Amino acid sequence: MNVLDCIVIGGGPAGLSASLTLGRARRTIALFDDKTNRNRVTQEAHGFITRDGIKPQELKELGLKELVNYPSITYVQATVIEIIKNQSNDRFIVKASNNQEYVAEKIILAYGIQEEFSLPSIREFYGKSLFSCPYCDGWEQRDKPLAVIAEKEEHALHLAQLIYNWSRDLVVLTNGVPLSEEGAATLQKRKIKVRSEAIKNLIGKDGYLQKIEFVTGETIIRSGGFVAPSYYRPNQFAEKLGCELHENGKVITDGVGRTTQKNIYIAGETEKSKPTSLLISAAKGNKAAVSVNTDLTMERF
Ligand SMILES: Cc1cc2nc3c(=O)[nH]c(=O)nc-3n(C[C@H](O)[C@H](O)[C@H](O)COP(=O)(O)OP(=O)(O)OC[C@H]3O[C@@H](n4cnc5c(N)ncnc54)[C@H](O)[C@@H]3O)c2cc1C
């Protein structure tokens, strides 16, 4: 079987950028993607210089189109389901949903993260009128009647303080969890309303929020807002392959993508299991690819 220099798992900005760098370095690689990037729900991506307002799918297609220029790159639209390390030769066997197996000397894990919401109905509005990142979507929500929905006080305060810069018509909803006196006073200082009743329902049409209904039956009008999801890695490849983690769940690296397992590199949001941005993920992909190329060069020179 053909042994590739590297397999990249995940074709978000991290994986696309890593692939581009490796393709330009004449490395043979396969890039896998199954189009489950978490920003697929949003209409426009912002803040990526020269691409402000682009549709996430278009950004991915532009990235893939650039890879076609480099003949040593193979793009595989499939889900990676298993990665096995062959202990006898240190190579990785990658099994994918297309029933094919691929072998590589090195792998870059760039499969991103996913979010979980305390209120499942947030999903219906997420990416259209409810968002998690004000730097990504605050501008479009400016001066609108907004909600901040967060059960944890630190999240509620942090989001409210940030969002206040984009809209002063703000209600903080803690969904049945009372704020401390100190927390309430912080928001009161700016006349930000707080509602701590449990939320019964989010009401709207086609992903656009109109009202929020409490268990008491009362409703308030809000056209959108910001939420504080929790995040997790959709795959456990890093853990299963023995990459060491910090206590907070972050994968331990040397700062430029090398994990504690030889030949396993990591890039993008999956490293810290925390949200960042398109630009930061792309930069991390570039860094990890440079590490892969440096190591291949030194091992073979
Ligand atoms: C609603 C919303 C709006 C956002 N808006 C912005 C914005 O305006 N500006 C901005 O900078 N950022 C924005 N973001 C954040 C941005 O999407 C992320 O920071 C960025 O996509 C992370 O890049 P990544 O490459 O690490 O992961 P991802 O982009 O999530 O890419 C990971 C890729 O891995 C693939 N994958 C996962 N598992 C497998 C597997 N087993 N096999 C094969 N492929 C797999 C997925 O298909 C996915 O394409 C937004 C996020 C959301 C949710």
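Structure notes:
- Pick from the stretch 56-110, criterion surrounded by 15 or more Cβ atoms within 10 Å (Cβ to Cβ), among the hydrophobic types (A, V, I, L, M, F, W, C) and in a helix (DSSP H, G or I), ranking: nearest to the ligand (Cβ to nearest atom): LEU59
- Pairs where the first residue, in the stretch 131-146, is in contact (Cβ under 8 Å) with a residue 24 or more places away in the chain and part of a helix (DSSP H, G or I) and the second is near the ligand (Cβ under 9 Å from one of its atoms) and of a type in the set (Phe, Trp, Tyr), C-beta under 7 Å, 6+ apart: ASP137/PHE131
- Checked against the criterion of being of a type in the set (D, E, K, R), over 16 Å from the mean Cα position of the chain (by Cα) and surrounded by fewer than 22 Cβ atoms within 10 Å (Cβ to Cβ), the candidates ASP5, ASP34 yield just one match: ASP5.
- Only residues that are within 18 Å of the chain's Cα centre (by Cα), within 15 Å of the ligand (Cβ to nearest atom) and more than 24 Å from LYS60 (Cα to Cα) were counted across the stretch 240-282, and they come to 2.
- Within the stretch 251-301, restricting attention to residues that are basic (Lys, Arg) and in a helix (DSSP H, G or I), the residue that is nearest to TYR231 (Cα to Cα) is LYS272.
- Unique match (being out of contact with any helix residue (DSSP H, G or I) (no Cβ under 7 Å at 6 or more places or on another chain) and more than 19 Å from PHE125 (Cβ to Cβ)) among GLY183, GLY176: GLY176
- Check on ALA228, of a type in the set (Gly, Ala, Ser), within 17 Å of the chain's Cα centre (by Cα) and within 29 Å of ARG51 (Cα to Cα): yes
- Residue check, LEU157 under 26 Å from the mean Cα position of the chain (by Cα) and surrounded by fewer than 18 Cβ atoms within 10 Å (Cβ to Cβ): no
- Unique match (being assigned to a loop (DSSP other than H, G, I, E, B), modelled with pLDDT of 95 or more and surrounded by 24 or more Cβ atoms within 10 Å (Cβ to Cβ)) among GLY11, GLY15, GLY47: GLY11
- Selection status of LEU22, hydrophobic (A, V, I, L, M, F, W, C), in the same structural domain as THR276 (by TED's automatic domain parsing), more than 9 Å from the ligand (Cβ to nearest atom) and farther than 23 Å from ASN293 by Cα: no
The values are calculated or read from the model by the stated rules, or taken from the named source; none is laboratory data. These figures come from a predicted structure and were not determined experimentally. We place every Cβ from the backbone using ideal geometry, glycine too, and count neighbours over all the protein chains shown.
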